[in-house]
1. Suppose we filter 573, 579, 601 for residues that are touching a strand residue (DSSP E or B) at 6+ places or on another chain (Cβ under 9 Å), at pLDDT 85 or above and under 26 Å from residue 347 (Cα atoms); which single one remains?
2. Name the single residue, out of those in the stretch 82-93 being more than 7 Å from the ligand (Cβ to nearest atom) and touching a helix residue (DSSP H, G or I) at 6+ places or on another chain (Cβ under 6 Å), that is farthest from residue 123 (Cα to Cα).
3. Being surrounded by fewer than 21 Cβ atoms within 10 Å (Cβ to Cβ), in a helix (DSSP H, G or I) and in contact (Cβ under 8 Å) with a residue 60 or more places away in the chain is the filter here; which residues of the stretch 417-441 pass it?
4. I need the helices (runs of 4 or more DSSP H) fully contained in the stretch 8-77, keeping only those with at least 3 residues that are more than 23 Å from residue 147 (Cα to Cα) and within 9 Å of the ligand (Cβ to nearest atom).
5. Somewhere in the stretch 312-326, is a residue over 29 Å from residue 244 (Cβ atoms) and in a helix (DSSP H, G or I)?
6. So, in the stretch 94-123, of the ones that are away from the ligand (no atom under 11 Å from the Cβ) and at pLDDT 90 or above, which residue ends up nearest to residue 281 (Cα to Cα)?
7. Identify, by number, the condition in (1) touching a strand residue (DSSP E or B) at 6+ places or on another chain (Cβ under 6 Å); (2) at pLDDT below 95 that residue 291 doesn't meet.
8. Give the residues of the stretch 160-193 that are at pLDDT below 95 and either within 16 Å of the ligand (Cβ to nearest atom) or not in a loop (DSSP other than H, G, I, E, B) (or both), sorted by residue number.
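The values are calculated or read from the model by the stated rules, or taken from the named source; none is laboratory data. Predicted model only: the values in this text are computed from it and were never measured. Quick reminder, even Gly has a Cβ in these numbers, built from the backbone with ideal geometry, and neighbours come from all protein chains shown.
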Ligand code: 1YM
């Protein structure tokens, strides 16, 4: 048994009102993201308990009253009285900022988000919160509320009474139920899909722990209850990601520790041409990579080059194969645990800790070398080398093709003359590029736009599906070439965000199946070859209206079916209703007014909330296997719904960034 917890181990730093003053500092935002963060902070504590071997099951329930309940079957938060503060440890954890035996305790080397301050932050930002502890055959409970004092100031997370014994029990564990405070959050409606998706991810990352999700607000049994238990952990994760691809090997699995870094890796190769690396630090996705990812890549490339020489696939005179060559067709999960993670970058999705890179390199070198020495792994190892040799040849051919293309000026402005209608403004930060489906809509957009900052690129027909093509083929496609040239960033390894000529890239397609398809193709292309364009928030989806309700000069546009009844009521009797079937039905003025004018238009920003899920989705929609795609499209047949913008990660509904 680990050393028994002492109430005096807890450190105290600050009170809760600081959190309410600046919620963003503690949970990132008061929007949908921050709202969901509340759940993950509590779940984090339950996961720690499971990771330390005390809990086997974690459940999350979204309640009808807007509250959320998180429970585990671990030891229960300690109930002993803190000698200096004279209150229970439970109360310390929930009312004192920075409280927790966690960050100076060796057992808790790897706390996820806020190093144990999470619980009190959640309490501070809740209307009310109730903790139940089941420990030593006793059921304890305490309730906290955020209420206004006489002067009207809100006192955050105040205990209604001390922790009390409320009964006997044979249960073990901790249950926390809280209701996010609408005075803090702009949005208090939890998204069942978001929560379920993240719980599934956590279940993969914490193999062997059972996760149960209930959404009591739902009628549909499919959406009401889900259970996730993956005994194989990361190995199951990588197989899930490759489920719609064609795997060519069994997963390669290893783990190790060095200094204070722990690393777990799962790798599986498929016949696809793209690389999919998903990394995590303390269960948090690191979509922008970082020192753990670069350490992994460096060591993987080095060890495999040595191996390729050893088996004679590379001769003395040959150059080493590149990292990209080895990663073609690779799906990899890299899960690191780091003591004091530093998250950097645009979306705080990059690990900055410099000590992690050498530690990860050492672990990967050691473990992969062991793997390659094992006779039963030779077939997989040789396959990887053969694939890399082939990839190197193709890459060389593509490079030559690209050089030729450059020389011929093909990738420069030449093929675009007459196609791209550029804007007059020369400040990329102000400029917008509309990629418009079809020549006729393109024509309307050209006439309707504000030419000072809006450029139009009409697409003829469908560009090809980038998922199924190698870079050299993508470069031959005229539609993609014109996009690459217009953006000015280059592509793949050459991509350079600093050269981006339009800081808003807006996809404008019809609200029908064809439009959804074109949108998915474009998003796949950006996702595969210009991922940074998406991760740094430059890609948007334009939303043309579906209806026009009109009486005389009184006009209302509706962007979804749900808005129609209200619009009709406002316009009143004698209205006429027009349903737009495509962009082409709007004249230039209407297109400007409804879809392009920054005052009043609706844009959805494409974000990569969850890289792994996004990749799965892209593969599903765009990959080789037809059946799962059909199934998906049939299930989500209404192409006017937000769901259909999901192929590349989440989409921020509502306003521009
Ligand atoms: C539904 C949320 O919070 N579970 C949980 C939390 C703790 C413990 C067990 C725990 C930790 C320790 C010893 C220890 C926490 N304890 C603390 C603190 N589930 C949930 N389960 N015994 C029990 O850290 O040594 C913070 S969280 F600070 F009191 F130790």
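1. None of the other options fit; the residue is 601.
2. The selected residue is 83.
3. 428, 429, 430, 440 - these are the residues of the stretch 417-441 that are surrounded by fewer than 21 Cβ atoms within 10 Å (Cβ to Cβ), in a helix (DSSP H, G or I) and in contact (Cβ under 8 Å) with a residue 60 or more places away in the chain.
4. Passing ranges, in order: 32-51.
5. No.
6. The extreme case among them is 121.
7. (2)
8. 193
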